[in-house]
Amino acid sequence: MLEAKKKYKILVVDDSRFNRAVMTSMLEKDYFLEEAGDGKEALLLLDDHAEEFSLVLTDLVMPNMDGFALLRAMKERGWLDFLPVIMVSSDYTSENIETAYNLGASELIQRPFNERVICHRIDDIIDLSGRQQELSNALVNEVIQKNETNSAMVSILSHIVETRNGESGNHVRNIRTITEMLLEELTRVSDQYSFSSEEKRLICTASSLHDIGKMTVPEEILNKPGKFTEEEFQVMKGHAMAGANMVDALRRGQKVSPLIQLTYDICRWHHERYDGKGYPDGLKGEDIPITAQIVSVADVYDALVSERCYKPSHSPEQAFHMILDGQCGTFNPLLMTCLSNIFDNLKDALTVSGSEQSENGEDSAQEMIEEAVAHLHDHGVTATESITQELNRERLRFKFFFNGAYPGFYYTVSPAVLHYNKAGMELFEVEEPIVEMDLESAPYEKYDRPAADRLRRKLSTATNAHPLIRENILLNLPGEEPRPYLCELQTVWDSPHAGHYTEVMGRLIPLDGELPAAPDAGERGQLPAVRSEMTGRQAYDLLSAIKFMVYNVRLVDPTDNSVLEIDSSGRLVKTGQPCYRFWKQEKRCANCTSMKCLAFRKNYSKLVFLDGEVFHVISRYIKVDGKPLVLETLVRITEDELFDGNGESLPIASISDMHSKLYLDPITHIYNRRYYDAETRSGEKICALAVLNVDNFQNINDTYGRKAGDDLLMRVAQLIHAGIREPDTLIGYSGAEFVMLFASIHPDALEARLNKICGDISALSVDGTENGQYITASIGGAIGPDVPKALLKKADEMLLKARLNRGRVELWRQDGES
């Protein structure tokens, strides 16, 4: 059974009832139609029903609001992103054509028109617009889904590397091992629970993050060697809800990642007990998610067999019996059966796990990165080098900057900024944690000169293969004897072939046994969640964290298109650059999502093509110190990031396909008017431009039919293309008009080429036979150099002269010759 053709809806806008009646009689068989008498009536209809229409067909000259004003209004409202417009006018001048296309019209058709031609153009434009919208929607959904996975993993891992409790690196590894073994056994012995291999992987990954809330607990409580007071115990119990709140910020949105949901459940409820005597919510029995129950058993067992600052370790057998006897609370009987079944294998697995762990915990951190990469791959995202780099950077920042009580810093080359931790601020007596400084030319007056020179030389010769620098130095502090330190510097590189490092992480380790005071628990950096309202300082922390995860992040005030920076004190400062300048625009973008975001206080996203690259732009409404702003994050989409699980770059193919449909003429397969507008938007000067018109083409179309006309245009395009050079560009400008853009060329050589093209076309017949009707073409050209707009105007003037006699070339030269 054949599927019925979808009937689209068209809005016909014309002040003439007769013209509307003509359009209705032509189109009512194939389309649903609505009518409006002018632009204002059309806007009233579109305000409430724009998304119901597939096309607007409008006259140019109308009272109250003409066609151009209607186009401008539609462009400002962002409707042209999904709703194409065809303009119909008897005033078919070059100026009107240019204005229509500049305002975003899909086509300008001359009245009187051929019914078959306009019907075909309507069909083509609706079909193309529909396919573009489908591809764009599919791609946005793909990008959102995969960016959500990327952002979720990086955000969570940023939290985990900044945790500072005193547990060994084995704890996370052991929790994963026990969780995995309990999951396998639970699936084997019970029909009540069934987990796919992917679900098991996600649960194990989420189990690693069960205690991220402990980063909010003060160190003096977290690592207290004795028993907690009641007040201290209440603070410690708060870590479960604190971890859930961290993850909860990532759960807000239209689509929640399964990993985020599992992490939330485990963080919040892994201290609940089966009899309802746990915390924070006192859940009982099966009200506790089974994933949290499993991690709860794993957490208690590993805590018992591990040595902690407040207790010695128990033997595996002691721990096993303490859990079964209820000394650690009541657990699910089914999980107790599973624990009994796996106990012997569990002892062996944890022994092997512990023996493989390195003393400094580096293997654990690296394994976490590898697991993140594996998780991304399983979600259909090939782990790019940049993703792995960002995870490694977070690990290095933790190792050199946040970890321990040593004075630490990290330095970014561009911009040249030095970031101190609290111990570093105290040691160097600086008031701000961030200082603008060129590290390689910085004054080293506080160091002994020979050591400072050695340090500077080593830093300048660091390579990606040998990134670590160590040097013993003496530090001269005011009022104190010089003290020896080991200075460790870790350079960070964007790629194995990069010519210079992008960051330096460092720390100073005292060599005389004295350690500076440890930073306060609440002072260490943590990645803040994106909230709708925040202080300036919170916004600064947020942007500082996000900038390492995306291509660009910025604060925008859409009311005046300004971009704002925020300093470490939380003070907002306008940069003086409008937001649209990044996209190489001279005025606000037609599809400005930030303006919509500010107006409706909702999140918006879009895809932007720029210089052959694709960007996913996400706009979020926020208030900073009460000021309404938009947080824009820009993610550059690459083939690597969009490979699917089978290694095929289907989304990129979709982008290329959509890009081709936007910028290639479907008949001649050469560049179209949209491409010309995009290429010449910058206003850069070119050497020369020529316009070719196939004479009497409308009569040819009417006499021989549309297919013959299309075939003829294709053959003309092939002949022109053969007559220009590799660096030159051929564009199907409008109907039977072609534009040629020429790179550096001598006027005489240009004239010779244009005459040859004109002669070659005169040898073409309409039907391709010797007995058929032969055609002619007229060409107007202009030699610069000048901006394309100026040369196009001169070339149009020359074309009018050439068409008086047809089959001729008229060339304007800047020196006055013609």
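Quick look at the numbers
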read-out: Helices (runs of 4 or more DSSP H) (entirely within region 673-741) containing at least 3 residues that are within 22 Å of residue 800 (Cα to Cα) and in contact (Cβ under 8 Å) with a residue 40 or more places away in the chain; value: 697-704, 706-723
read-out: Criterion: in contact (Cβ under 8 Å) with a residue 24 or more places away in the chain, among the basic types (Lys, Arg) and surrounded by fewer than 16 Cβ atoms within 10 Å (Cβ to Cβ) - qualifying residue of 806, 813; value: 806
read-out: Test for residue 126: is it under 37 Å from the mean Cα position of the chain (by Cα), closer than 26 Å to residue 609 by Cβ, modelled with pLDDT of 85 or more and not assigned by the TED database to the domain that holds residue 609; value: no
read-out: Among residues of region 778-818, those that are of a type in the set (Ser, Thr, Tyr) and in a strand (DSSP E or B), counted; value: 1
read-out: Some residue of region 587-595 being in contact with an Asp or Glu (Cβ under 6 Å, 6 or more places away or on another chain) and at pLDDT below 80; value: yes
read-out: Those residues of region 81-129 which are within 25 Å of residue 595 (Cα to Cα) and either open to solvent by 40 Å² or more (accessible area, probe 1.4 Å) or not hydrophobic (A, V, I, L, M, F, W, C) (or both), in sequence order; value: 81, 82, 84, 99, 101, 102, 104, 106, 129
read-out: 1 or more residues closer than 30 Å to residue 680 by Cβ and in contact with a Ser or Thr (Cβ under 9 Å, 6 or more places away or on another chain): qualifying strands (runs of 3 or more DSSP E) within region 9-120; value: 9-13, 55-59, 85-89, 107-110
read-out: Test: residue in region 59-68 that is at pLDDT 90 or above and under 24 Å from residue 596 (Cβ atoms); value: yes
read-out: Boolean, residue 754 is touching a Ser or Thr at 6+ places or on another chain (Cβ under 6 Å), of a type outside the set (Asp, Glu) and buried (at least 19 other Cβ atoms within 10 Å of the Cβ); value: no
read-out: Among (1) at pLDDT below 75; (2) of a type in the set (Ser, Thr, Tyr); (3) over 23 Å from residue 498 (Cα atoms), the one test that residue 414 misses; value: (3)
read-out: Residues located in region 707-733, provided they are buried (at least 19 other Cβ atoms within 10 Å of the Cβ) and closer than 17 Å to residue 696 by Cβ; value: 709, 712, 713, 716
read-out: Any hit, region 84-98, residues being under 33 Å from the mean Cα position of the chain (by Cα), closer than 22 Å to residue 130 by Cα and free of Cβ contacts under 8 Å to residues at least 40 places away in the same chain; value: yes
read-out: Selection count where residues are touching a strand residue (DSSP E or B) at 6+ places or on another chain (Cβ under 9 Å), at pLDDT below 90 and of a type in the set (Gly, Ala, Ser), scope region 1-36; value: 1
read-out: Unmet requirement for residue 691, which otherwise passes all of (1) closer than 19 Å to residue 787 by Cα; (2) at pLDDT below 80; (3) surrounded by 17 or more Cβ atoms within 10 Å (Cβ to Cβ); value: (2)
read-out: Residue in region 778-794 that is open to solvent by 10 Å² or more (accessible area, probe 1.4 Å), within 20 Å of residue 733 (Cβ to Cβ), over 47 Å from the mean Cα position of the chain (by Cα) and assigned by the TED database to the domain that holds residue 695 present; value: no
read-out: Candidate set: region 622-641, residues that are modelled with pLDDT of 85 or more and in a loop (DSSP other than H, G, I, E, B); chosen: the one least open to solvent (accessible area, probe 1.4 Å); value: 626
read-out: Helices (runs of 4 or more DSSP H) completely within region 285-396 that count 3 or more residues being loosely packed, with under 15 Cβ neighbours inside 10 Å and modelled with pLDDT under 80; value: 333-356, 362-378
read-out: Residue 260 vs. criteria assigned by the TED database to the domain that holds residue 186 and under 39 Å from the mean Cα position of the chain (by Cα); value: yes
read-out: Residue among 462, 451 that is surrounded by 14 or more Cβ atoms within 10 Å (Cβ to Cβ) and modelled with pLDDT under 75; value: 451
read-out: Filtered residues of region 53-79 (kept if open to solvent by 40 Å² or more (accessible area, probe 1.4 Å) and either closer than 24 Å to residue 608 by Cα or of a type in the set (A, V, I, L, M, F, W, C) (or both)); value: 61, 72, 75, 76, 77
read-out: Within region 81-97, considering residues that are of a type outside the set (A, V, I, L, M) and touching a helix residue (DSSP H, G or I) at 6+ places or on another chain (Cβ under 8 Å), the one farthest from residue 38 (Cα to Cα); value: 94
read-out: Number of positions in region 757-777 that are crowded, with 18+ Cβ neighbours inside 10 Å and either under 23 Å from residue 743 (Cα atoms) or without any contact (Cβ under 8 Å) to a residue 12 or more places away in the chain (or both); value: 4
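Here is a yes/no grid of residues against (1) free of Cβ contacts under 8 Å to residues at least 24 places away in the same chain; (2) surrounded by 22 or more Cβ atoms within 10 Å (Cβ to Cβ); (3) of a type outside the set (S, T, N, Q):
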site: 180; (1), (2), (3): no, no, yes
site: 195; (1), (2), (3): yes, no, yes
site: 206; (1), (2), (3): no, yes, yes
site: 209; (1), (2), (3): no, yes, yes
site: 213; (1), (2), (3): no, yes, yes
site: 224; (1), (2), (3): no, no, yes
site: 227; (1), (2), (3): no, no, yes
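The values are calculated or read from the model by the stated rules, or taken from the named source; none is laboratory data. Note that this is a predicted model, so its numbers are computed, not measured. A quick note on method: Cβ atoms are made from the backbone with ideal geometry, for glycine too, and the neighbour counts reach across all protein chains shown. Keep in mind that these areas ignore ligands, DNA and RNA; they rest on the heavy atoms of the full protein, side chains included. Shrake-Rupley method; radii C 1.70, N 1.55, O 1.52, S 1.80 Å.
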